[in-house]
Protein chains: 2
Amino acid sequence: MTTDHEHITVYKGNIVDSPSMEELRTLENGYLVVNGDRVIGTYATLPEEYKGCAITDYGHRIILPGFVDLHFHAPQFANRGLGLDKELLPWLEEYTFPEESKFKDLSYAKEIYPQVVHALWKNGTTRSVIFGSVHKESTEFLLDLFIDAGLGAFVGKVNMDRNCPEFIVEDSDQSLSETLEIIEKYADQSDLVRPILTPRFVPVCSTPLMEKLGAFARDHSVFVQSHISENQGEVDWVKELHPDSLDYASIYHDYGLFGHQPTIMAHCVFNTEKEIELMAKSGVYAAHCPHANYNLASGIMPVRNFLNKGVSVGLGTDVGAGHQVSIPKVMTAAVQASKIKWLESGKTLDPLKLSEVFYMGTKGGGRFFGKVGSFEADYAFDALVVDDRELGTLNLTLKERLERYLYIGDDRHIEKRYVAGKEVPEPKKLPDL
Amino acid sequence: MTTDHEHITVYKGNIVDSPSMEELRTLENGYLVVNGDRVIGTYATLPEEYKGCAITDYGHRIILPGFVDLHFHAPQFANRGLGLDKELLPWLEEYTFPEESKFKDLSYAKEIYPQVVHALWKNGTTRSVIFGSVHKESTEFLLDLFIDAGLGAFVGKVNMDRNCPEFIVEDSDQSLSETLEIIEKYADQSDLVRPILTPRFVPVCSTPLMEKLGAFARDHSVFVQSHISENQGEVDWVKELHPDSLDYASIYHDYGLFGHQPTIMAHCVFNTEKEIELMAKSGVYAAHCPHANYNLASGIMPVRNFLNKGVSVGLGTDVGAGHQVSIPKVMTAAVQASKIKWLESGKTLDPLKLSEVFYMGTKGGGRFFGKVGSFEADYAFDALVVDDRELGTLNLTLKERLERYLYIGDDRHIEKRYVAGKEVPEPKKLPDL
């Protein structure tokens, strides 16, 4: 192995990751060797060749991969924990669209978006996939903020040109041209932060708009995110709007927005077996957002069914329909929801294990970013250093310490955050009011 | 009104409480007048007669009633957030009973129980109803700790004399005699802290034991707590053990343990209509523990059905089956669970509103303690002072501020805790390990 020892750092501590859904690896008092932005490997004993390298000793602390959030609406941040008394469609109309429309003014984005980036940092979310609003300037400001912070993100300007209030609906041509401008401007600005195509969901996107966005995705190799089958009312509406289409998924598919480029679909509560198979075949990721699905009374995604059929599933906070920015809180909610689904399914869909949701919230979502989310060789060194002593860890195994931290820990227990080999300092947050 | 002005304190701030399930009262920049341990009233303008009294001005902060937790297992504290991969009966056998058996040694109680009392204090739980273990000495230590801390509590030595492992099963006579000793010793020691009869649940209590505990309850006017219909396996087991009984509730009822004295039954996931009617008629409280019911894959209590039939419902964290000590986290989980139940019931059981669960976690459970849980005249002044500025409260109404604090706030936002008129200082917690 030829490595430039100047760029090598060795981290010592209690190392946890999950290279696969089935495997939770734990290594007590182990060594994690990093070359620049990439992991070389994890070792119980430090190999001879690295003995001259700088060692950062994190002692009793846990070193785990940074959390990955596959679904987050930045312009809904100021609404989190409010107005959760409605289902999806009236909730969008009455609370969400009015709030998002404020981002027409860059000055409002300058007030809110630094708080978003700070909250992600604070909660250990090192990579996230973000919906912006329809507004180009504010969305560009958000891209800039992520670049400055050193956190990984895909950020999308939302497209929506029909069936929404006048104060927020877009002109189709302008929606397309502004999207293209952002894509071109940010295509090569950062290894960590990239634009993503973001047609909001079928009901608010005209077919010509979807068709042209599909062509953009193909021509510019841009990734795609959207929503699918979150709420029964939405599913019924899509059927009304597209009576001749086979199903919800096939509408996206027909316009080149369903896995032709790497694609995330959020929610997936009501997909048919055929749609799930299409997702698996097309490599479309599902973003499971249990808190949001509870809060908007949507239902529970049958995650086990998606896993059984080979769909890649990651986790999403879905702020603001989800109230908490924390991915560990989504992991534990996902386990809880799966237990109810297990009962509902007559005990046919096995509950999710904590190790499985830990995978989903690290490598499972991380794969959307490339080699991200575990400490295997050649993976980006995205990591959190957690001091869990306050949680009472005497006599616990490392696996139990992880479990307890995920269930009852919070941002106070995270001491350090690394993205692609670099420690990420606290980003600027606006002064408290 | 004759009041001794020396004992009057006026608190100024943004006051919230719910005198009934239907009413969330908010009073911005109002005055809360307290005489000793009791509330005199809340006022938009300070009445003339109190103008000479000392005013504690909490400015922009929210003043709300302290939280009430109707169901908490103190000796499971060290297990919270661990071993949540089983249903109730194997979970008791494999994780819970072994942990509880450690409280045979008072020294273990001295390690863990101060952390319990500290955690309740930290999370703003000013009154709680607590299961101890079967051990007299440790349970008395816990009663003493609550008395020293100045927090309100009912604390019960558990009774269980059949169907549990040898290392924890009790001799029936000793179970009874030790219970009686505790009752006599603590009957008049404190206005805030009292013993409570705690037959664990039917499957582990012999009929002679239940019969004699029922007689204790009657003879000594002691309150009662137990579990009912948490998990399908448990319900089936009870039917096997008592094939001639009408139902689970009637077993307790037959032995004088079902509302003959004020009684709490935790969980109530699978009760029949007849049982629910008996609860309503007998004034038995239901402790709703949604986190625990998720974690042990029990199901969701149809709370709306209980409310419709007139049962008093409060909230419980049910630590350690519930992982979080926080009642606001139970409130939001209760709203979420009720939305899934709404879907499951074909939209017949309306979701709980936040104002309803706020009532349950304050006055709804507080009623078990007497006049506790709101700021009406003659109620105990149990209160929290919350500084929510960090949560972004500009332009929010007081109701929205409460909503947001309950959804996304935590112990960091609680600045002061009062119980029965006195500020409660931070209790001693063992040094971190």
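The values are calculated or read from the model by the stated rules, or taken from the named source; none is laboratory data. Quantities reported herein were computed from a predicted structural model and do not represent experimental measurements. Reconstructed Cβ throughout: ideal geometry from the backbone, glycine too, with neighbour counts over all protein chains shown. These area figures cover heavy atoms from the full protein model, side chains too; ligands, DNA and RNA do not enter into them. Shrake-Rupley method; radii C 1.70, N 1.55, O 1.52, S 1.80 Å.
Along the axis of the charge dipole computed for chain B (Cβ charges of +1 for Lys and Arg, -1 for Asp and Glu, origin at the Cα centre), the listed residues B:PHE72, B:SER107, B:GLY346 are led at the positive end by B:GLY346.
Can you tally the net charge around A:LYS110? Count Lys and Arg as +1, Asp and Glu as -1, for every other residue whose Cβ sits under 14 Å from the Cβ of A:LYS110.
Within the 14 Å Cβ shell, the charges total -2.
One equal scatterer on each Cα of the stretch A:36-178, no solvent, Debye formula: the resulting log10 I(q)/I(0) at q = 0.09, 0.13, 0.17 Å⁻¹ is -0.40, -0.68, -0.98.
What is the percent carbon and sulfur in the accessible area of the stretch A:67-369, measuring with a 1.4 Å probe over the protein chains and ignoring ligands? Present the calculation step by step, with values, prior to reporting the outcome.
Working: 4370 of 9350 Å².
Roughly 47 percent of what the probe reaches on the stretch A:67-369 is carbon or sulfur.
Computed over every Cα-Cα pair of the protein assembly as shown and binned at 20 Å starting from 0, the pair-distance distribution P(r) comes out as 15, 45, 32, 7, 0 percent. In this structure, the amide hydrogen of B:ASN159, modeled 1.01 Å from its nitrogen in the peptide plane, lies closer than 5 angstrom to those of B:THR198, B:ARG200, counting only residues at least 5 positions away or on a different chain. Rounded to the nearest 20, the Cβ-based charge dipole of the stretch A:41-186 about its Cα centre (Lys and Arg +1, Asp and Glu -1) stands at 660 debye. Within the full protein context, the accessible area of B:GLU178 is estimated at about 30 Å² for a probe radius of 1.4 Å. Here the ratio of the Cα radius of gyration of the stretch B:362-405 to 2.2 N^0.38 Å is 1.44. Here the contact order of the stretch A:268-309, divided by its residue count and restricted to Cα pairs under 8 Å and six or more residues apart, works out to 51 percent. Could you tell me the center-to-center distance, by alpha carbons, between the stretch B:143-159 and the stretch A:56-85 in angstrom? Computed from Cα coordinates, the inter-centre distance equals 37 Å.
Diagonalise the Cα gyration tensor of the stretch B:85-130 and give the resulting equivalent ellipsoid semi-axes, square root of 5 times each eigenvalue, largest first, whole Å.
Details: eigenvalues 108, 55, 13 Å².
They are 23, 17, 8 Å, listed from largest to smallest.
Any idea of the total accessible area buried by the B-A contact, 1.4 Å probe, rounded to 100 Å²? Numbers along the way, then the final one.
Working: alone 17050 and 17120 Å², together 30450 Å².
Roughly 3700 Å².
Near the amide H of B:ALA266, within less than 5 Å, lie the amide hydrogens of B:SER226, B:HIS227, B:ILE228, B:ALA287, all on another chain or at least 5 residues away, with H placed in the peptide plane. For the stretch B:270-341, the alpha-carbon coordinates run over 32, 21, 18 Å along the three principal axes, in decreasing order. Here the Gaussian network model covers chain A, with springs between Cα atoms less than 10 Å apart; of A:PRO75, A:PRO114, A:PRO90, A:PRO90 fluctuates the most. The largest-to-smallest principal axis extents of the Cα set in the stretch B:67-369 are 50, 46, 36 Å. In the calculated pair-distance distribution of the stretch B:301-352, the portion above 15 angstrom amounts to 49 percent of the Cα-Cα pairs.
Distances between copies at B:ARG412, taken between label points 7 Å from Cα along the C-beta direction, are 0.9 nm in increasing order. For the pair the stretch B:193-229 / the stretch B:263-311, the C-alpha centres are spaced 18 Å from each other.
The charge dipole of the stretch B:249-345, taken about its Cα centre with unit charges on the Cβ atoms of Lys, Arg (+1), Asp and Glu (-1) only, comes to about 280 debye. Under a model in which nothing but the beta-carbon of Lys, Arg (+1) and Asp, Glu (-1) is charged, the stretch B:67-369 shows a dipole of about 1340 debye around its Cα centre.
Comment: the Cα-to-Cβ extended label point of A:ASN29, at 7 Å, lies 6.2 nm from its counterparts in the other copies, nearest first.
In degrees between 0 and 90, to the nearest 10, how far off the longest principal axis of chain A does helix A:232-241 point, with axes built from Cα atoms? The answer is roughly 50 degrees. Taking amide H as placed 1.01 Å from N in the peptide plane, the amide H of A:ARG38 sits under 5 Å from that of A:PHE381, each at least 5 places away or on another chain. What separates the Cα centres of the stretch A:358-389 and the stretch A:332-348 is a distance of 26 Å. Placing unit charges on the Cβ atoms of the charged side chains and taking the dipole of the stretch B:376-417 about its Cα centre, the candidate lying farthest along the positive direction among B:THR397, B:ILE414, B:VAL385 is B:THR397. With its label point defined 7 Å out from Cα along the Cα-to-Cβ axis, B:LYS86 lies at 4.6 nm from the matching points of the other copies, in increasing order. Farthest towards the positive end of the charge dipole of the protein assembly as shown, among the residues A:LEU32, B:GLN261, A:VAL372, is the Cα of A:LEU32, using unit charges on the Cβ of Lys, Arg, Asp and Glu.
For the stretch B:67-369, the relative contact order comes to 20 percent (Cα pairs under 8 Å, sequence separation of at least 6).
How much net charge surrounds A:GLU137 when only other residues with a Cβ under 15 Å from its Cβ are counted (Lys, Arg +1; Asp, Glu -1)? Walk me through the numbers on the way to the answer.
On the way: positive: A:LYS102, A:LYS104, A:LYS110, A:LYS136, A:LYS157, A:LYS185; negative: A:GLU100, A:ASP105, A:GLU111, A:GLU140, A:ASP144, A:GLU170, A:GLU178, A:GLU181.
Every neighbour counted, the sum reads -2.
When the helices of chain B are scored as -39500 (n - 2.57) per DSSP H run of n ≥ 4 and the total is divided over every residue, the value at 222 nm lands at -10000 deg cm²/dmol.
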